[in-house]
Amino acid sequence: MGVRHTRLPEGLADGALGAADLVWSSKAVHHLGDQQGALDALARVLRPGGMLAVAEGGLPVRFLPRDLGFGRPGLQARLDALQEDRYQAMRAGLPGSVPVAEDWPAMLRRAGLTGVGAFTTLLDLPAPLGEPGRDFLHSQLTRLRDASDGSLDALDLETLDRLLDPAAAQGLRRRPDVFLLSAATVFAGKRPVL
């Protein structure tokens, strides 16, 4: 028994994976132009009875109250919309991009897998959030701030700057109400035994 790693989609084309009892992919398939084609190829490397599990989807990360006490309420919803727009642009710009309804159970069934199911894990770190969680959120929010490219108005940018200021009493580093709530979903199916 051994573990093999490969880069997608290259590893699918050259057969680097060989035959497998379990194929695990986390947050990778959505970065491939043809998601269904990638699932089809991953399913083909499974031995009979083997399982393909893909961690895709879930719910957006939540970490702030709706009203921060400054700026306009609902900043997190606007950040979600920004991320959705960026995701759509990323998907459209991928080589060989094929539009598909991201119904992961249906996609796994189309790849020939049976017994398709899913489970969701919840990360729930209540306020006040510890330093590692605050470091993660600061990094995420910095990335969103840098990528806003005119999508957010001046007040939202000012609010983000205040949240990212390590010295600000109302910033991410010092607010007592910062939390981390996230849900990640894993979809899985098995290659039929002949």
If you go through ASP80, ASP67, ASP34, the only one that is without any contact (Cβ under 8 Å) to a residue 12 or more places away in the chain and in contact with a Pro (Cβ under 9 Å, 6 or more places away or on another chain) is ASP67
I'm trying to understand the selection: among the residues of the range 131-165, which are within 24 Å of the chain's Cα centre (by Cα), open to solvent by 40 Å² or more (accessible area, probe 1.4 Å), more than 18 Å from GLN83 (Cα to Cα) and not acidic (Asp, Glu)? PRO132
Which numbered condition trips up LEU163, out of (1) under 18 Å from ARG72 (Cα atoms); (2) assigned to a loop (DSSP other than H, G, I, E, B)? (2)
I'd like the full set of residues that are touching a strand residue (DSSP E or B) at 6+ places or on another chain (Cβ under 7 Å) and among the aliphatic types (A, V, I, L, M), limited to the range 72-109. LEU108
Which is in contact with an Asp or Glu (Cβ under 8 Å, 6 or more places away or on another chain), at positive phi, exposed (fewer than 15 other Cβ atoms within 10 Å of the Cβ) and of a type outside the set (Phe, Trp, Tyr), of GLY71, GLY96, GLY57? GLY96
Odd one out for GLU102, checked against (1) at pLDDT 95 or above; (2) in contact with a helix residue (DSSP H, G or I) (Cβ under 8 Å, 6 or more places away or on another chain): (1)
So, first residue on the phi < 0 side of the Ramachandran plot and surrounded by 14 or more Cβ atoms within 10 Å (Cβ to Cβ) in the range 104-115, second residue charged (D, E, K, R) and modelled with pLDDT of 95 or more, Cβ within less than 7 Å, six or more apart or across chains; the pairs are TRP104/GLU56; ALA111/ASP40; LEU113/LYS190; LEU113/ARG191
Selection count, the range 11-26, where residues are in a helix (DSSP H, G or I), under 19 Å from ARG110 (Cα atoms) and either modelled with pLDDT of 95 or more or not aliphatic (A, V, I, L, M) (or both): 0
In the set ALA13, ALA19, ALA41, which member is over 30 Å from HIS138 (Cα atoms), surrounded by 12 or more Cβ atoms within 10 Å (Cβ to Cβ) and among the small types (Gly, Ala, Ser)? ALA41
Suppose the filter is closer than 21 Å to ARG175 by Cα and free of Cβ contacts under 8 Å to residues at least 12 places away in the same chain; does PRO99 pass it? no
Test: LEU180 is within 17 Å of the chain's Cα centre (by Cα), closer than 30 Å to LEU42 by Cβ and open to solvent by less than 50 Å² (accessible area, probe 1.4 Å): no
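The values are calculated or read from the model by the stated rules, or taken from the named source; none is laboratory data. Everything numeric in this text was worked out from a predicted model, so none of it was measured. Positions of Cβ are generated from backbone atoms using ideal geometry, with glycine treated the same way; all protein chains shown enter the neighbour counts. Heads up: the accessible areas ignore ligands, DNA and RNA and are worked out on the full protein's heavy atoms, side chains in. Shrake-Rupley method; radii C 1.70, N 1.55, O 1.52, S 1.80 Å.
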